[in-house]
Amino acid sequence: MSTTFTVDSATSRATPTPLPMKRVTVPAVRARKGGEPLVMLTAYTVRTAQLLDPHCDMLLVGDSLGQVIYGLPSTLPVSLEMMAAHGAAVVRGSHHALVVIDMPFGSYERSPEQAFDSAARLLKETGAAAVKLEGGVAMAPTVAFLSARGIPVMGHVGLTPQAVNQLGGHRVQGRGDAAAARVTADARSIAEAGAFALVIEGVVEPLARTLTGEVACPTIGIGASAACDGQVLVAEDMLGLFERTPRFVRRYGRMAEEIGEAAAAYAADVRSRAFPGEAEIYPAGD
């Protein structure tokens with residue numbers, strides 16, 4: 001059953017914090033397996049988190065911020081410092097959704113101990129509830145290590161952007177028996193290692209559907225299947241902030257056009273001296 005959350009009418013830039021809400025928990029996410037689909041979007045800033053929070057079960061502070069916020073060519077240059085700063089902002093701007101933070105490339109692959117140090121830092125510095133890491137069979141021991149030490153882990157299999165060089169680009173995964181077997185082994189191993197949820201990205205629909213039925217934890221699809229236990233998109237893609245988006249994105253807004261139109265109208269008013277007007281200036285008297 002969906003729940004509607006109200007926000008204090010005094011919410012503004014000066015008083016941006018909404019009324020306290022009880023956050024979604026990791027056990028609550030686990031319990032949604034096979035139930036009402038989980039809603040997840042990315043968020044990188046306080047204000048975006050405030051706007052998305054009432055509508056989402058989870059907010060992902062994705063390493064996609066490297067491209068979306070910083071204009072980097074991929075997620076690979078993203079640092080722990082960047083993830084911690086944006087993660088803390090999203091936690092401050094949200095009161096309902098469970099906040100998950102991506103572990104950036106190079107911060108967890110060397111050993112389970114390295115992964116623990118990185119994950120512990122992210123959770124302590126941000127107040128987030130969980131981390132997400134990419135990888136399959138090879139990362140299962142790390143997922144088990146973290147889970148056994150109190151760090152909730154969301155897995156990520158299929159198209160894993162941090163392995164884009166190894167994959168040869170952003171290619172759909174799971175086509176053909178051998179490829180399907182690899183993705184299946186990855187998904188099963190991460191779920192069995194203790195992940196509380198599993199992102200399945202860029203995987204052919206029949207395989208994503210099958211995996212959702214096989215693994216015990218909820219699956220979160222992105223370019224996968226409507227049969228997944230939830231869905232995630234980059235919020236800026238969903239809102240129409242970029243002209244070019246992947247095939248799996250559905251635009252629910254036209255932010256790029258609206259921002260351009262607003263900027264053009266502002267520029268015209270400034271150049272014609274129509275702005276500021278009487279309503280926007282301070283007269284000498286009372």
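The values are calculated or read from the model by the stated rules, or taken from the named source; none is laboratory data. These figures come from a predicted structure and were not determined experimentally. Note that each Cβ is placed from the backbone with ideal geometry, even for glycine, and that neighbours are counted across all protein chains shown. With ligands, DNA and RNA removed, areas are computed over all heavy atoms of the protein, side chains included. Shrake-Rupley method; radii C 1.70, N 1.55, O 1.52, S 1.80 Å.
Over the stretch 160-286, calculate the relative contact order: mean separation of alpha carbon pairs under 8 Å at least 6 apart, over the residue count, as a percent.
It comes to 13 percent, rounded to a whole number.
Can you list residues from other chains, or at least 5 along the same chain, whose modelled amide H is less than 5 Å from the amide H of Gly230?
Leu38, Thr219, Gly221
Compute the whole-percent fraction of alpha carbon pairs in the stretch 162-237 spaced more than 14 Å apart.
Pairs farther apart than 14 Å: 60 percent.
Can you tell me the dipole magnitude for the chain around its Cα centre, using point charges on the Cβ only (Lys, Arg +1; Asp, Glu -1), in Debye to the nearest 20?
500 debye
Tell me which lysines have Cα within less than 20 Å of Lys132's Cα, excluding those fewer than 8 residues away on the same chain?
Excluding near neighbours in sequence, the set is Lys33, Lys124.
Can you compute the charge dipole magnitude of the stretch 81-184 about its Cα centre, using +1 on each Lys and Arg Cβ and -1 on each Asp and Glu Cβ, nothing else charged? Give it in debye, rounded to the nearest 20.
That gives the stretch 81-184 a dipole magnitude of about 160 debye.
Over every pair of different alpha-carbon atoms in the stretch 55-193, take the mean of 1/r and invert it; report that Kirkwood radius in Å.
After inverting the pairwise mean of 1/r, the radius is 15.4 Å.
Which angle between 0 and 90 degrees, to the nearest 10, do you get for helix 205-214 versus the longest principal axis of the chain when only C-alpha atoms count?
On a 0 to 90 degree scale, this one is about 70.
Measuring with a 1.4 Å probe in the full set of protein chains, what accessible area per residue, in whole Å², belongs to the chain?
51 Å²
Hey, what angle do you get for helix 177-192 against the long axis of the chain, alpha-carbon based, 0 to 90 degrees rounded to 10?
Its long axis makes an angle of about 80 degrees.
Sort 201-214, 110-123 by the packing proxy (mean of other Cβ within 10 Å over each peptide's residues), most packed first.
The densest-packed peptide leads the list: 201-214, 110-123.
Would you check the accessible area of Glu257, probe 1.4 Å, heavy atoms only, in square angstrom rounded to 10?
90 Å²
So how long is each side of the chain along the principal axes, counting just the alpha-carbon atoms, biggest first, in Å?
75, 38, 37
Restricting to the chain, compute how many DSSP beta bridges are antiparallel as a %, nearest 5.
The antiparallel fraction comes to roughly 5 percent.
Sort the following peptides by mean Cβ neighbour count (other Cβ atoms within 10 Å, averaged over residues), highest first: 277-283, 45-51, 222-228.
Result, highest mean Cβ count within 10 Å first: 222-228, 45-51, 277-283.
Under unit Cβ charges (Lys, Arg +1; Asp, Glu -1), what dipole magnitude, rounded to 20 debye, does the stretch 29-92 have relative to its Cα centre?
140 debye
Taking all protein chains in place and a 1.4 Å probe, what share, in percent, of the accessible surface of the stretch 33-159 do carbon and sulfur account for?
61 percent
Sum -39500 (n - 2.57) across every DSSP H segment of at least 4 residues in the chain, then divide by the residue count to get the 222 nm mean residue ellipticity, nearest 500.
-10500 deg cm²/dmol
Could you tell me which of Ala279, Ser94, Tyr70 has its Cα farthest along the dipole of the chain towards the positive end, charges placed at Cβ (Lys, Arg +1; Asp, Glu -1), taken about the Cα centre?
In the chain, that residue is Ser94.
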